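**Student:** The structure under discussion is supplied below as structure tokens; questions concerning it will follow.
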């Protein structure tokens with residue numbers, strides 16, 4: 001990255017500047033992964049932590065500054081220009097990258113800036129999230145306690161609504177139309193926050209960053225081939241990349257480094273001693289999981305402690321394992337599906353088109369997550385009379401329907417590449433039709449089911465003669 005900045009005053013081409021940024025992107029992923037793996041060690045070694053944070057902050061700053069120069073690279077977003085001829089030198093990959101500093105391309109569509117904005121957001125989020133978790137004073141002392149405090153207050157309010165819905169007339173209707181959606185919002189928010197603070201999100205972020213960097217490189221090579229430029233520099237560079245040289249051999253050899261480290265872990269006994277010492281240090285400061293139960297004690301719930309109702313807000317995930325399984329399956333399926341869709345668009349066109357192609361399906365998938373959890377909770381609570389296989393079948397149907405709802409738009413884009421979904425071109429109801437129908441179906445299900453339960457309860461309470 002530093003060598004690239006040094007070469008800027010000497011007329012470094014925009015094409016090479018983009019390649020340097022993409023390579024620095026993968027380097028930043030490696031350093032961020034190290035911050036995740038070494039977190040336990042760095043908690044007790046402040047000097048090493050400070051040095052790593054400073055080094056990563058410098059790299060992230062240089063990368064953000066470098067990415068900001070690429071916002072005016074119209075040649076890198078040629079597919080968004082809708083057929084504009086790039087005949088002037090400033091729009092070619094061979095133009096000096098330094099000439100684009102502080103220059104905005106007003107001919108470019110707004111979506112042409114998406115790769116730059118998205119890349120900056122990813123690198124800033126990745127660095128700040130790991131920086132917060134490196135300091136226990138912030139991650140445990142403030143954020144975790146704030147999260148627990150908000151969770152206790154939310155359960156307190158849910159218990160008040162729960163007790164009100166369990167008394168008086170129309171108990172079933174109030175619980176299904178008022179309390180159950182509120183409980184679903186709480187459970188969905190709790191699941192997303194748990195996933196946000198977990199190691200799983202960091203691993204998923206690293207995977208997404210690797211895929212994003214690969215798509216950027218693919219898009220760069222694809223656009224350069226599409227733009228007609230008479231430059232021997234780019235042609236020579238492509239020919240060099242096709243041959244095996246020192247850089248290619250070293251890159252392949254470095255793939256063996258993790259296996260060497262893995263083998264050395266079993267041959268050396270010192271890591272076990274270090275781990276024991278680290279565990280002894282960990283006992284002096286409670287971690288997030290160790291302190292979570294202690295911090296939930298102060299507030300007493302207004303709910304009845306003897307309540308065994310499956311919708312009791314004091315229940316944990318062990319009482320909603322079917323709901324948890326359906327939600328995790330849906331999130332995993334949608335993440336993979338949206339990644340495949342983005343890759344499919346980017347492999348045949350630029351990365352900008354890939355982002356445009358999944359923007360509305362992504363919004364639909366996030367909004368559908370709430371309704372999926374609402375229906376899964378309904379299946380878990382109202383269909384206890386069914387067998388375990390029957391409920392699993394209903395959960396699978398529920399997941400399939402909500403997971404497939406965003407993809408009619410994707411099919412339209414595949415069959416018609418010039419089609420770009422928008423609120424005006426594709427009606428609002430056309431975008432969100434399945435969620436609207438699902439909400440109507442839930443209301444239509446709730447009313448007769450509540451009346452049926454009320455009649456059943458009244459019949460069971462009728463005195464026998």
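The values are calculated or read from the model by the stated rules, or taken from the named source; none is laboratory data. Predicted, not measured: the structure shown is a model, and the values here were computed from it. Note that each Cβ is placed from the backbone with ideal geometry, even for glycine, and that neighbours are counted across all protein chains shown.
**Student:** Just the residues that are touching a helix residue (DSSP H, G or I) at 6+ places or on another chain (Cβ under 7 Å) and crowded, with 16+ Cβ neighbours inside 10 Å, please, taken from segment 191-205. Step through it out loud before you land on a result.
**Tutor:** Initially, segment 191-205 is screened for residues touching a helix residue (DSSP H, G or I) at 6+ places or on another chain (Cβ under 7 Å), giving 191, 193, 195, 201-202, 205.
Selection gives 191, 202, 205.
**Student:** Which one of the conditions (1) out of contact with any strand residue (DSSP E or B) (no Cβ under 8 Å at 6 or more places or on another chain); (2) at positive phi does residue 62 fail to meet, given that it meets all the rest?
**Tutor:** Failing condition for residue 62: (2).
**Student:** Would you check which residues across segment 1-18 are buried (at least 20 other Cβ atoms within 10 Å of the Cβ) and under 21 Å from residue 210 (Cα atoms) and list them? Please lay out each step first, then the result.
**Tutor:** Our first condition is that a residue be buried (at least 20 other Cβ atoms within 10 Å of the Cβ); within segment 1-18, this holds for 14-15, 17-18.
Result: 15, 17, 18.
**Student:** Going through segment 53-69 one residue at a time, which ones are crowded, with 18+ Cβ neighbours inside 10 Å and at pLDDT 85 or above?
**Tutor:** At the first step, the residues of segment 53-69 found to be crowded, with 18+ Cβ neighbours inside 10 Å are 56, 59-60, 63, 66-67, 69.
If the condition is that a residue be crowded, with 18+ Cβ neighbours inside 10 Å and at pLDDT 85 or above, then 56, 59, 60, 63, 66, 67 are the ones that fit.
**Student:** Could you list, ordered by first residue, the pairs with Cβ atoms under 6 Å in which the first is in segment 136-152 and surrounded by 13 or more Cβ atoms within 10 Å (Cβ to Cβ) and the second is at pLDDT 80 or above, at least 6 apart or interchain?
**Tutor:** Listed by first residue and then by second, the contacts come to 138/132; 139/132; 139/133.
**Student:** Would you check which residues across segment 23-49 are surrounded by fewer than 17 Cβ atoms within 10 Å (Cβ to Cβ), closer than 20 Å to residue 115 by Cα and in contact with a helix residue (DSSP H, G or I) (Cβ under 8 Å, 6 or more places away or on another chain) and list them?
**Tutor:** Within segment 23-49, 26, 27 qualify.
**Student:** Does residue 65 satisfy the condition of being within 27 Å of the chain's Cα centre (by Cα), without any contact (Cβ under 8 Å) to a residue 40 or more places away in the chain and farther than 18 Å from residue 121 by Cα? Even if it seems obvious, please write down each step before you answer.
**Tutor:** Working: within 27 Å of the chain's Cα centre (by Cα): yes; without any contact (Cβ under 8 Å) to a residue 40 or more places away in the chain: yes; farther than 18 Å from residue 121 by Cα: no.
Answer is no for this residue.
**Student:** Are there any pairs, at least 6 apart or on different chains, whose C-beta atoms fall under 9 Å, with the first in segment 369-382 and under 15 Å from residue 393 (Cβ atoms) and the second not in a helix (DSSP H, G or I), and if so, which?
**Tutor:** That search, which allows pairs on different chains as well, returns 379/386; 380/310.
**Student:** Residues of segment 431-456 being more than 20 Å from residue 381 (Cα to Cα) and either at pLDDT 85 or above or in a helix (DSSP H, G or I) (or both), which ones?
**Tutor:** 431, 433, 434, 435, 436, 437
A quick yes/no check of all residues on (1) touching a strand residue (DSSP E or B) at 6+ places or on another chain (Cβ under 7 Å); (2) over 30 Å from residue 43 (Cβ atoms); (3) at pLDDT below 85:
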site	(1), (2), (3)
289	no, no, yes
297	no, no, yes
309	no, yes, yes
321	no, yes, no
338	no, yes, yes
341	no, yes, yes
346	no, yes, yes
382	no, yes, no
